[in-house]
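The structure under discussion appears below in the form of structure tokens.
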Amino acid sequence: MRKKLLLPIYFSMSSFALAQVGINQPNPHLSADLELGSTNKSLLLNRVANPTVINNPVNGMLIYDVSEECVKAYQGGAWSKCFWKESVSFALACASAVFAPPTATQGQSYSGTLTIPYTGGDGTAYPGQTIQSNGLTATLAPGTFATGAGSLQFSVTGFPINSGSAVFNITVNGSTCSAVSLPVNPGTPITPSNITLEGRYFIASVFDEDYSPFTTPTGPATTARPVAADGIKETLVDLQGVIPASGLTVYIPATATGSGTVGAWSQTINVPAHLTEDGISRNITLSWNSQSYNASTKSITATLKAEGGTLNVRKLDVNAGIGNDYLGVLLGRFLMPNSGVQKGYEVRVIAAIPDRMFNEPDLNKNFSHNFLYLPIQAEDGNVWLNHNLGADYTNISDPNFNIGKKPTEATDFRAYGSLFQWGRKPDGHSLIKWTASNAGKGVYSTSSTRVDNPGNPLFIIAGGDWRTDAGTSSTLWQNSTSANNPCPIGFKVPSQSQLQNYLNSANISNGINGAVASKLGFTAAGTRVSTSGDISPVTTGTSGLYWSSSAGSQSSPSAFALQIGQFGAPSATFGASKAQGVSVRCIKE
């Protein structure tokens with residue numbers, strides 16, 4: 001009997017390795033888990049006595065409520081009213097809306113309520129919502145309408161940015177109050193006019209086992225999952241991005257032209273349920289204490305935390321969760337309290353940036369470049385990768401895989417990564433197996449044959465340039481589309497001037513220990529000796545060298561590199577032999 005029941009179900013469904021399922025639809029849409037294709041049948045929802053019989057509902061659920069004979073959805077933390085029973089008599093009494101306290105003051109904390117009476121309530125549930133204006137956030141918690149007349153109460157908190165007013169446009173149950181205004185008295189701005197705050201914070205969160213080949217994005221990132229690459233499963237990449245309730249330290253990029261004090265500030269915004277992995281919508285808060293600054297200040301220190309529990313960010317698919325701007329998906333945007341200038345601080349989730357050779361064989365036919373990186377906005381305002389190319393923390397096959405981990409000391413060899421010969425492709429020659437802070441070995445051995453286009457991943461031993469035709473090598477790493485660019489799509493090896501600009505912005509003065517404390521977290525990977533292929537016993541563990549894309553001259557056997565010694569200020573003018581193995585950090589073009 002069971003076989004008779006299962007057979008028609010089996011034959012009426014088309015199921016693919018990608019997990020898309022079609023019922024009477026042989027080619028279900030790649031962004032849908034299930035697609036119905038019948039032209040003369042309908043979808044019949046679960047029929048329940050009433051929503052209260054469902055334990056632990058989550059946003060996105062649909063049911064047919066037998067007691068009220070209608071379809072309902074769970075959204076914003078509450079069951080909706082009947083889809084077809086919208087109350088035409090419901091109306092917000094906008095003219096009677098009341099703020100308590102009745103006024104706010106620019107730059108000072110406000111915590112109050114907004115009460116709006118209504119008529120025509122029908123006793124059904126309503127979802128929560130959040131509205132922002134002039135640095136203030138009005139939040140309506142999910143609840144139930146009274147039958148007949150009643151009132152809604154929003155909590156209103158924040159720090160008004162500008163004097164004048166905070167105007168809220170509020171729509172509930174089809175009724176709109178287009179201009180509920182809270183007067184804001186003049187006061188002292190939180191952020192003086194000689195400093196501007198703006199930036200973004202990235203969270204890596206990914207779940208994917210079919211990511212190769214990676215397709216260059218042509219549109220915005222989405223939360224669609226799974227998305228087909230070639231239909232063949234690879235090693236599962238599973239990383240849950242979070243914002244903890246205990247908070248984490250973030251650095252807000254700042255542009256200052258003078259000195260002063262930024263006042264204490266906080267703001268809370270909502271991350272909707274569809275952008276979380278567990279379907280739980282949570283508020284997140286960005287805050288900082290009062291702190292001084294001067295013209296050399298490049299960031300202020302802040303805390304980002306989730307309210308009421310850990311925010312488990314939606315896990316993204318690699319081929320959908322990056323986007324053509326390489327910025328992932330926006331979780332929320334805080335409105336910065338700049339004086340008269342509307343700028344924001346974005347919190348974004350991204351599936352990570354795949355290595356240029358991600359799941360592609362190197363010249364020895366090994367899949368040795370399965371690295372994933374996270375973009376980070378650095379002190380100079382540019383977007384960089386957060387790790388050196390090839391770092392253990394970025395290797396999905398390494399037990400230390402953790403792309404969000406920042407090295408806390410310069411000798412963290414898990415963050416050392418690959419050591420490239422200047423201008424050479426990511427063909428495997430740069431790979432290093434690190435065993436200690438001052439010890440490692442090339443994955444592949446060496447060759448003494450200089451050649452312009454190596455057919456193997458061997459490290460080429462040479463005193464100057466590893467190439468025979470040095471006169472054409474000056475542009476090999478010039479930009480993201482250069483023939484030998486080792487960086488991910490959309491990223492490049494920074495020029496000498498870009499490295500110098502970073503140094504000017506980061507104000508690193510105390511050598512490698514200061515460099516590892518910077519946003520880019522430079523480490524002391526040292527060099528691979530050009531004449532032997534050995535890891536240098538002199539530089540490794542004590543200093544760092546990072547390639548620029550700038551060659552010394554058309555025929556020079558050397559190129560410019562960022563040199564970070566044990567002490568003092570780093571320099572971006574160091575000339576290094578192109579045959580040396582040196583670290584690479586990539587910048588977004």
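The values are calculated or read from the model by the stated rules, or taken from the named source; none is laboratory data. None of the values given here were measured: they were computed from a predicted structure. Positions of Cβ are generated from backbone atoms using ideal geometry, with glycine treated the same way; all protein chains shown enter the neighbour counts.
Just a few scattered comments:
- Count of residues meeting criterion [out of contact with any Phe, Trp or Tyr (no Cβ under 8 Å at 6 or more places or on another chain) and closer than 21 Å to Ala273 by Cβ] in the stretch 43-52: 1
- In the stretch 471-483, the residues that are crowded, with 21+ Cβ neighbours inside 10 Å and farther than 20 Å from Met357 by Cβ: Ser473
- Wholly within the stretch 222-275, strands (runs of 3 or more DSSP E) carrying at least 3 residues that are farther than 20 Å from Arg314 by Cα: 248-256, 260-262, 265-271
- The set of residues from the stretch 210-246 being more than 20 Å from the chain's Cα centre (by Cα), of a type in the set (Asp, Glu) and surrounded by fewer than 16 Cβ atoms within 10 Å (Cβ to Cβ) comprises just one member, Asp230.
- From the options Gly135, Gly128, residue that is surrounded by 21 or more Cβ atoms within 10 Å (Cβ to Cβ) and either modelled with pLDDT under 95 or under 14 Å from Val180 (Cα atoms) (or both): Gly135
- Residue match in the stretch 565-580 (condition: in the same structural domain as Arg450 (by TED's automatic domain parsing), modelled with pLDDT of 95 or more, assigned to a strand (DSSP E or B) and aliphatic (A, V, I, L, M)): no
- Some residue of the stretch 484-505 being of a type in the set (Gly, Ala, Ser), part of a loop (DSSP other than H, G, I, E, B), exposed (fewer than 14 other Cβ atoms within 10 Å of the Cβ) and out of contact with any helix residue (DSSP H, G or I) (no Cβ under 7 Å at 6 or more places or on another chain): no
- Of all residues assigned to the stretch 102-110, at least one qualifies as being touching a residue at least 60 places away in the same chain (Cβ under 8 Å), more than 20 Å from Thr171 (Cα to Cα), buried (at least 20 other Cβ atoms within 10 Å of the Cβ) and polar (S, T, N, Q).
- Breaking point among (1) closer than 15 Å to Val383 by Cα; (2) touching a helix residue (DSSP H, G or I) at 6+ places or on another chain (Cβ under 9 Å); (3) of a type in the set (Val, Ile, Thr), for Ile508: (1)
- Among the residues of the stretch 352-364, none is identified as among the polar types (S, T, N, Q) and surrounded by 24 or more Cβ atoms within 10 Å (Cβ to Cβ).
- Condition check for Leu330: in contact with a Ser or Thr (Cβ under 7 Å, 6 or more places away or on another chain), among the aliphatic types (A, V, I, L, M), modelled with pLDDT of 90 or more and closer than 30 Å to Pro272 by Cβ: no
- The lone criterion from (1) touching a Gly at 6+ places or on another chain (Cβ under 6 Å); (2) within 18 Å of Gly404 (Cβ to Cβ) left unmet by Ser246 is number (1).
- Filter result for Tyr326 (assigned to a strand (DSSP E or B) and touching a Gly at 6+ places or on another chain (Cβ under 8 Å)): no
- Candidates Ala415, Ala391, filtered to the one that is without any contact (Cβ under 8 Å) to a residue 40 or more places away in the chain and of a type in the set (Gly, Ala, Ser): Ala391
Quick grid of which residues meet (1) farther than 23 Å from Asp208 by Cβ; (2) at pLDDT 95 or above; (3) crowded, with 23+ Cβ neighbours inside 10 Å:
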residue	(1), (2), (3)
Gly381	yes, no, no
Gly390	no, yes, yes
Thr394	no, no, yes
Ser397	no, no, no
Phe401	no, no, no
Gly404	no, no, no
Pro407	yes, no, no
Tyr416	yes, yes, yes
Leu419	yes, yes, yes
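- Residue within the stretch 470-483 that is in contact (Cβ under 8 Å) with a residue 60 or more places away in the chain, in a helix (DSSP H, G or I) and within 24 Å of the chain's Cα centre (by Cα) present: no
- Restricting the stretch 314-351 to residues that are among the acidic types (Asp, Glu) and more than 11 Å from the chain's Cα centre (by Cα), the residue that is surrounded by the fewest Cβ atoms within 10 Å (Cβ to Cβ): Asp325
- Residues in the stretch 142-163 that are of a type in the set (A, V, I, L, M) and surrounded by fewer than 16 Cβ atoms within 10 Å (Cβ to Cβ) were compared, and the one that is nearest to Arg333 (Cα to Cα) is Ala146.
- Enumeration of residues in the stretch 171-194 that are of a type in the set (A, V, I, L, M), assigned to a strand (DSSP E or B) and modelled with pLDDT under 95: Val172, Ala179
- Among the residues making up the stretch 520-544, those that are part of a loop (DSSP other than H, G, I, E, B), touching a residue at least 60 places away in the same chain (Cβ under 8 Å) and crowded, with 21+ Cβ neighbours inside 10 Å are Leu520, Gly521, Phe522, Thr523, Ala524, Ala525, Thr527, Ser530, Gly533, Thr540, Gly541.
- Pro160 vs. criteria touching a Pro at 6+ places or on another chain (Cβ under 9 Å), in a loop (DSSP other than H, G, I, E, B), more than 21 Å from Ile284 (Cα to Cα) and not charged (D, E, K, R): no
- Residues in the stretch 164-179 that are loosely packed, with under 14 Cβ neighbours inside 10 Å and either among the polar types (S, T, N, Q) or outside the structural domain of Thr124 (by TED's automatic domain parsing) (or both): Asn169, Thr171, Thr176, Ser178.
- Residue ID - nearest to Thr157 (Cα to Cα), chosen from residues in the stretch 179-210 that are of a type in the set (Ser, Thr, Tyr) and in contact with a strand residue (DSSP E or B) (Cβ under 7 Å, 6 or more places away or on another chain): Ser181
- Strands (runs of 3 or more DSSP E) wholly inside the stretch 33-149 containing at least 1 residues that are closer than 23 Å to Ile161 by Cβ: 98-100, 110-122, 129-133, 136-140
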